[in-house]
Amino acid sequence: MILDIANKLDLANHHAGATPEDIKNICASVLKYGFNGAFVNPCYIAIAKEELMGKAKVGTAFSFPLGQDTLEMKIFAAREAIRLGADELDIVPNNGLLLTEGGFGQYREELLAIVQSTRMARPDIVIKFIIETGLLLIDEEFLIKRAAEAILASGADFVKICSGMGPRGASLNDVRLVKEVLRSRIPLRGTIGTQIKVAGGIDTMEEARGFLAAGAHRIGTSKAVEIMEDLRSAK
């Protein structure tokens, strides 16, 4: 049970004041508890790669949390992250396009271009696109579903709900909406299909269990150690 939850957690440190020592510490925790990976800012990918020694994933986030870098900047950042050794990429699209009349086509094209270019650099790279659901206040449910449909169509591996830096974190209702979209596409034989990652304020074992039960496959949190200690103390 402990390992089953641990390997669904990404221990993250995306703070502006993160130091190399902080990154070494979270990597030590990843190895101790068996988390899926350490998620770090791009400047620390190489450090995390060295510390984890191939025993866990190294993830990074870019155009984070605003998503309003140009497409060319995002493609360069993806390729540079791969060069440095990242295994998983959490990417923020331009969520403002979802709120712009006529902007959805550009939103969808951005996702597809990033996936195509990034897969050329590394075919097995894990790509997650982040929907900042807390920004989608007008026609919220419709826009969340529409964004999820575009991410699904792009060929990305995950729909990630919230950056953890936005107006709010992921909600169980967000997961329900995205799950409805993903159910509409049957995975190809031998593939897992697009999955769901959540982030933002998931600090306790009770919250983590709730999201996993709702259909999330992965949780990004800076409190992964505390979550595991909650679980151990409850046994």
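Miscellaneous remarks
- Residue among V115, V181, V198 that alone is within 15 Å of the chain's Cα centre (by Cα), free of Cβ contacts under 8 Å to residues at least 60 places away in the same chain and in a helix (DSSP H, G or I): V115
- Condition met for I125 (crowded, with 23+ Cβ neighbours inside 10 Å and of a type in the set (A, V, I, L, M, F, W, C)): no
- Selection status of R79, open to solvent by 70 Å² or more (accessible area, probe 1.4 Å), of a type outside the set (S, T, N, Q), part of a helix (DSSP H, G or I) and touching a residue at least 40 places away in the same chain (Cβ under 8 Å): yes
- Meets criteria (closer than 15 Å to C162 by Cα, at pLDDT below 95 and in contact with a helix residue (DSSP H, G or I) (Cβ under 8 Å, 6 or more places away or on another chain)) for E132: no
A quick yes/no check of all residues on (1) out of contact with any Gly (no Cβ under 8 Å at 6 or more places or on another chain); (2) under 14 Å from N173 (Cα atoms); (3) small (G, A, S):
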{"residue": "G201", "(1), (2), (3)": "no, no, yes"}
{"residue": "E206", "(1), (2), (3)": "yes, no, no"}
{"residue": "F211", "(1), (2), (3)": "yes, yes, no"}
{"residue": "R218", "(1), (2), (3)": "yes, no, no"}
{"residue": "A224", "(1), (2), (3)": "yes, no, yes"}
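- Of the listed requirements (1) within 28 Å of Q106 (Cα to Cα); (2) open to solvent by 30 Å² or more (accessible area, probe 1.4 Å); (3) part of a helix (DSSP H, G or I); (4) charged (D, E, K, R), D69 misses just one: (3).
- Any hit, segment 45-61, residues being in a loop (DSSP other than H, G, I, E, B) and within 23 Å of T204 (Cα to Cα): yes
- All of I219, I151 fail the test of being in a helix (DSSP H, G or I) and within 17 Å of the chain's Cα centre (by Cα), apart from I151.
- Positions within segment 132-148 being surrounded by 24 or more Cβ atoms within 10 Å (Cβ to Cβ), in contact (Cβ under 8 Å) with a residue 40 or more places away in the chain and not in a loop (DSSP other than H, G, I, E, B), in sequence order: T133, A147
The values are calculated or read from the model by the stated rules, or taken from the named source; none is laboratory data. Computed from a predicted structure; not experimentally measured. Glycine also receives a Cβ, built like all others from the backbone with ideal geometry; neighbour counts cover every protein chain displayed. Heavy atoms of the whole protein, side chains included, go into the accessibility calculation; ligands, DNA and RNA do not. Shrake-Rupley method; radii C 1.70, N 1.55, O 1.52, S 1.80 Å.
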